[in-house]
Amino acid sequence: MGVSSQEYRPDVRQPMCPSRLVLEHVTSRWGVLVLAALLERPYRFSELRREVGGVSEKMLAQTLRTLERDGFVDRDAKPVIPPRVDYALTGLGREAAEQVWALARWSERQLGAVDEARTAYDARKQERSA
């Protein structure tokens with residue numbers, strides 16, 4: 001017997017809420033970058049690895065499997081020689097990608113403010129320990 005939506009309301013602030021795992025997948029370092037890249041267009045594995053930059057083959061494969069399982073990425077294996085596999089966002093994946101990409105772009109724009117805050121924090125800590 002399933003749980004009705006009236007009985008259970010997901011709350012990411014609760015320790016056992018399953019939405020925490022979804023949040024972890026889409027906001028992980030590689031999850032964000034893969035989703036962002038796929039916002040542009042579908043990619044083959046090797047193209048995506050170059051586009052993301054710095055991700056290992058193993059980590060990219062793991063990230064893509066996770067995002068595919070969660071319904072964010074579609075894996076299209078074409079029966080050709082050599083084998084061709086394309087990765088693209090699903091509708092759900094596009095929605096998630098737009099959200100995390102907005103946050104990533106915000107972090108780029110706020111880098112100066114964050115650097116200033118860090119410098120001020122470090123100066124205060126140094127003054128207290130002197």
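Would you check if there is a residue in segment 111-127 being under 22 Å from LEU23 (Cα atoms) and open to solvent by 40 Å² or more (accessible area, probe 1.4 Å)? Checking segment 111-127: not a single residue is under 22 Å from LEU23 (Cα atoms) and open to solvent by 40 Å² or more (accessible area, probe 1.4 Å).
Here is a yes/no grid of residues against (1) closer than 17 Å to TRP101 by Cβ; (2) aromatic (Phe, Trp, Tyr); (3) open to solvent by 30 Å² or more (accessible area, probe 1.4 Å); (4) more than 12 Å from the chain's Cα centre (by Cα):
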{"residue": "ARG29", "(1), (2), (3), (4)": "yes, no, yes, no"}
{"residue": "LEU33", "(1), (2), (3), (4)": "yes, no, yes, no"}
{"residue": "ALA36", "(1), (2), (3), (4)": "yes, no, no, no"}
{"residue": "PRO42", "(1), (2), (3), (4)": "yes, no, yes, yes"}
{"residue": "GLY53", "(1), (2), (3), (4)": "yes, no, yes, yes"}
{"residue": "THR63", "(1), (2), (3), (4)": "yes, no, no, no"}
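Within segment 78-91, restricting attention to residues that are outside any loop (DSSP other than H, G, I, E, B) and open to solvent by 60 Å² or more (accessible area, probe 1.4 Å), the residue that is modelled with the highest pLDDT is GLY91. Mind checking whether some residue in segment 6-27 is among the β-branched types (Val, Ile, Thr), more than 16 Å from the chain's Cα centre (by Cα) and surrounded by fewer than 10 Cβ atoms within 10 Å (Cβ to Cβ)? Scanning segment 6-27 turns up no residue that is among the β-branched types (Val, Ile, Thr), more than 16 Å from the chain's Cα centre (by Cα) and surrounded by fewer than 10 Cβ atoms within 10 Å (Cβ to Cβ). Entry remark, segment 70-97: residues being in contact with a Ser or Thr (Cβ under 9 Å, 6 or more places away or on another chain) and over 16 Å from GLU40 (Cβ atoms) number 1 in total.
The values are calculated or read from the model by the stated rules, or taken from the named source; none is laboratory data. Just so it is clear, the structure is predicted and the values come from calculations on it, not from any experiment. Note: ideal-geometry Cβ built from the backbone for every residue, glycine included; neighbour counts use all protein chains shown. Remember, those area values only see protein heavy atoms, side chains included, never the ligands or the DNA or RNA. Shrake-Rupley method; radii C 1.70, N 1.55, O 1.52, S 1.80 Å.
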